[in-house]
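No value in this document is a laboratory result; all are computed from the given coordinates. Note that the structure is a prediction, hence the values are computed from the model and not measured. Cβ placement follows ideal geometry from the backbone for every residue including glycine, while neighbour counts extend to all protein chains displayed.
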């Protein structure tokens, strides 16, 4: 199996496509890392900040916690332009490019994994929390990058839009979906929508006024609702301050979707989640 583009940070492949005559690349993920991201223990907590208080505070996390991972990069002295070995100066330049990819953006980045050639891709959000150089020679540099996964799950690269009542199209996931979106047509006076997950009994409800010809998009992740002009507007719109109501524990879709359904006429937009 080719490792080309197996792992990527913000769509930049960690296995550089350029290759020298003897098989070296400017940089590549080590084989042991590419086969399976090595897991690291992480604290299962939620960090938050408070006004007029210095620093951050932690509270125990929910049912699922974030995880750590280590990625080992092998950097050579191969020029990304010519494919020739250029010596230590080129090794330094290649390493600087790799470190910039992981560390200089000061923001979460998307880690994409493609397990098979031409197969589906899965993504998760990560931050680089540290690392170090393990081996430095004029022709090769080996460095480890420690990542914190901000999302405890891997997600489908693209969402699935379900237009019928059953959400059986989401079959195949192995973790709860915490951020589905629902779309319901307006009914003129009161647009009443109540969706219940039959596995857990969790529910979400909306009873605002939506004009006929418009739609309400319900966002369970932050318990908001937006009025939009068409059923394909999965972003934007005018927020309905009446909002939505959920039962205890909020609302999630469980992966056993054989037993989960939506209200007739409600569209669903979601990315499956995986442990």
Quiz item: Tell me, in nm to one decimal, what length is gained between residue 96 and residue 187 on full extension, where the rule is 0.36 nm per residue of separation less the Cα-Cα distance?
Solution: 27.0 nm
Quiz item: Fewest to most neighbouring Cβ within 10 Å: what's the order for 98, 212?
Solution: 212, 98
Quiz item: For the stretch 102-153, with equal point scatterers placed on the C-alpha atoms only and solvent neglected, what are the log10 I(q)/I(0) values from the Debye formula at q = 0.17 1/Å, to two decimals?
Solution: -0.70
Quiz item: Using only Cα atoms, what is the ratio of the radius of gyration of the stretch 152-212 to 2.2 N^0.38 Å?
Solution: 1.34
Exercise. Grab the beta carbon distance between residue 10 and residue 160, set R0 = 25 Å, and tell me the FRET efficiency rounded to 0.05.
Key: 0.60
Quiz prompt | Distance histogram in 5 Å bins (all Cα pairs of the stretch 180-260, percent per bin) | solution = 3, 17, 27, 23, 16, 11, 4
Quiz item: Any idea how far the Cα center of the stretch 235-254 sits from the one of the stretch 180-223, in Å?
Solution: 8
